[in-house]
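The values are calculated or read from the model by the stated rules, or taken from the named source; none is laboratory data. Quick caveat: nothing in here was measured; it's all calculated off a predicted structure. Backbone-built Cβ (ideal geometry, glycine too); neighbour counts: all protein chains shown.
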Amino acid sequence: MRVAELMTKDPVTVQAETTLAEVAGLMEKHHINGLPVIDGANRLIGIVTQGDLLRRPELGTDRQPVSRLTAFFLPSRVADDYVHTHGRHASEVMTADPVCMFPETELAEAASVMTAKHLRCLPVLRDLALVGVISRSDILRALATRLIGPVPASDAAIRAEILQTLAREKWAPRTGISVNVKDSIVNLEGAIFNDSERRAVIVIAENAQGVKQVNDNMIYVDPGSGMAFSGTM
């Protein structure tokens, strides 16, 4: 799946001169985490996020101790921080040069970037122009849709998908596991020697398209004691 399939097209945007009062009002009205800041040609110049508004003198949250040495040797950095926390316009508080995605970017990459950089939304560009925004909410909505219920599939197709996934995953056991499907209900049988692998095999079966239920009939054999346990431990 690609970003273009889930992104919010024609997102709410602001200009560099938009007041912070307007920015906060738009975020609250549209229930969004970030507002792209664009110029007259629809080119992205930054983004204002909720995180950019956490430190404000109006809330008494702007105060961060600045040492005399820092103020003396790095006055520009201290001044820039003051503008960011006290600015009254989007251009003064925005995050410049934000991380961006493209419509063709794989959704997995966008999700990884959000996770690694603790971001809630990412602008989407095409030829330097803003064409959308992909957010965590967009991804969660897509996930919720797919979790609502099973998509019909034949027993043979379900079994084939499970076997293909087992063959693809490097950690998965290659032998000893039997997969049988009847009326969209999966029965897992055989011996397995690692409880983490047992739980992961069950998850593979549960995620196959069309599965209604998974019965764990596998025998877990503890490698240390040799004791065997049936079903979920």
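Structure values in brief
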quantity	calculated
Enumeration of residues in segment 79-117 that are closer than 17 Å to residue 50 by Cα and of a type in the set (Ser, Thr, Tyr)	85, 91, 95, 115
Complete set of residues in segment 1-51 that are in contact with a His (Cβ under 9 Å, 6 or more places away or on another chain) and among the aliphatic types (A, V, I, L, M)	12, 16, 20, 23
Qualifying positions in segment 155-175 - in contact with a helix residue (DSSP H, G or I) (Cβ under 9 Å, 6 or more places away or on another chain) and loosely packed, with under 14 Cβ neighbours inside 10 Å	169, 171, 174
Per-region count, segment 24-37, residues out of contact with any Gly (no Cβ under 6 Å at 6 or more places or on another chain) and either buried (at least 20 other Cβ atoms within 10 Å of the Cβ) or outside the structural domain of residue 129 (by TED's automatic domain parsing) (or both)	3
Filter result for residue 133 (β-branched (Val, Ile, Thr), surrounded by 13 or more Cβ atoms within 10 Å (Cβ to Cβ), part of a strand (DSSP E or B) and touching a residue at least 40 places away in the same chain (Cβ under 8 Å))	yes
Some residue of segment 157-167 being touching a Ser or Thr at 6+ places or on another chain (Cβ under 7 Å) and within 30 Å of residue 5 (Cβ to Cβ)	yes
Residue list for segment 191-215, restricted to those being of a type in the set (S, T, N, Q) and outside any helix (DSSP H, G or I)	194, 209, 213, 215
Criterion (over 32 Å from the mean Cα position of the chain (by Cα), modelled with pLDDT of 95 or more, within 24 Å of residue 146 (Cα to Cα) and assigned by TED's automatic domain parsing to the domain that holds residue 163) met by exactly one of 214, 201, 181	181
Selected residue [closer than 14 Å to residue 87 by Cβ and touching a helix residue (DSSP H, G or I) at 6+ places or on another chain (Cβ under 6 Å)] from 12, 3, 37	37
Verdict on residue 216 being surrounded by fewer than 13 Cβ atoms within 10 Å (Cβ to Cβ) and either touching a Ser or Thr at 6+ places or on another chain (Cβ under 8 Å) or closer than 19 Å to residue 161 by Cα (or both)	no
Residue list for segment 187-233, filter: touching a helix residue (DSSP H, G or I) at 6+ places or on another chain (Cβ under 9 Å) and of a type in the set (Phe, Trp, Tyr)	220, 229
Test: residue in segment 19-32 that is under 15 Å from residue 124 (Cα atoms), within 22 Å of the chain's Cα centre (by Cα) and outside any loop (DSSP other than H, G, I, E, B)	no
Residues of segment 216-233 satisfying the condition of being without any contact (Cβ under 8 Å) to a residue 24 or more places away in the chain, in a loop (DSSP other than H, G, I, E, B) and hydrophobic (A, V, I, L, M, F, W, C)	227
Residue 14 over 23 Å from the mean Cα position of the chain (by Cα), in contact (Cβ under 8 Å) with a residue 60 or more places away in the chain and farther than 19 Å from residue 101 by Cβ	yes
Per-region count, segment 24-66, residues among the hydrophobic types (A, V, I, L, M, F, W, C) and touching a residue at least 60 places away in the same chain (Cβ under 8 Å)	5
From the options 111, 144, 90, residue that is without any contact (Cβ under 8 Å) to a residue 12 or more places away in the chain, within 19 Å of residue 33 (Cβ to Cβ) and of a type in the set (Gly, Ala, Ser)	144
